[in-house]
1. Could you sort 2-12, 103-113, 140-150 so that the peptide with the highest average Cβ count within 10 Å comes first and the rest follow in order?
2. If R0 is 22 Å, what FRET efficiency do you get for ASP23 and PHE154 from their C-beta distance, rounded to 0.05?
3. Fully extended, how many nm does the chain gain between SER35 and ASN115 (0.36 nm per residue separation, minus their Cα-Cα distance)?
4. Full-extension gain between ASP99 and ARG175, please, as 0.36 nm times their residue separation minus the C-alpha to C-alpha distance.
Amino acid sequence: MLLAFVLVVCFTLPFLLWKQMLDRREWAIIVAFVSLLSLLLSFISVWSVWTPYVTNLDFHGGEFDGYLPWSKLSYPFYLSVYHTPFIRLLYDGMYITGDVSFSIFLTNAKAMEVNGTFSYPPVFGRAPLSYSLNFPLFNSGETFFTFLLTLFTFFNIIGAMLGILLAYTLAKKERLS
C-alpha cells in the first residue's frame with residue numbers, strides 16, 4: 001500500500017505538472033497503471049508467502065513471513081503462514097502433509113486467521129502446496145489465494161488512489177503559484 005502510494009505519486013506528479021488538463025485517454029493511462037501496479041504488487045506479496053521452498057528450514061520451523069522484501073510490498077498489509085509438518089505414509093507412496101495457519105496482518109496487528117491442512121509431494125526446491133482450509137468461504141487453497149489477491153489489490157488501489165489525489169493536489173498548487 002505504501003509502495004503503491006509512493007510509486008504512483010512519483011509517476012503521476014510529473015505527468016500532471018507537464019500537462020495543464022488531462023483528457024480521458026491520459027486518465028485511462030493513469031488508471032490502467034494504478035490497476036496493473038496494484039495487482040503486480042499484490043501478486044508478488046502473496047506468492048512469496050504462498051509458495052515457500054519446501055527444503056527451507058524456515059518452512060519446517062513453522063512461522064514463515066515470506067522472502068523479504070517481496071513479501072512486504074503491500075505493507076502495512078501483509079501475510080504470514082505457520083506450517084506444522086508431519087509425514088504420513090500411504091500404500092501408494094509417500095506424501096508430506098501438515099497443519100497450516102494463515103494470518104493476515106494490518107500494521108503488525110493480526111486482522112484475520114484461517115486454519116487448515118497442506119500437502120505436497122517430496123520434492124526439492126519451490127513446490128506448490130495443496131491447501132485444504134477449515135473456513136466456510138475458503139475451503140480450497142485456490143479460492144483463498146483469489147481472496148487474498150483481491151484483498152491485497154484492493155488495499156494497494158486505495159494507496160494508489162491516495163497517491164493520485166496527493167499528486168493532483170500538489171500539481172494544482174504548483175500551477176496556482
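1. Details: 2-12: 18.8, 103-113: 12.2, 140-150: 15.8.
Per-residue mean Cβ counts within 10 Å order the peptides as 2-12, 140-150, 103-113.
2. On the way: r = 27 Å, r/R0 = 1.25.
For ASP23 and PHE154, the calculated efficiency is 0.20.
3. Working: separation 80, 0.36 × 80 = 28.80 nm, distance 3.02 nm.
Here the answer is 25.8 nm.
4. Numbers: separation 76, 0.36 × 76 = 27.36 nm, distance 5.78 nm.
Here the answer is 21.6 nm.
Bear in mind these aren't lab numbers, they're just calculated from the coordinates by the rules spelled out. Note that the structure is a prediction, hence the values are computed from the model and not measured. Positions of Cβ are backbone-derived with ideal geometry, glycine not excepted, and every protein chain shown enters the neighbour counts.
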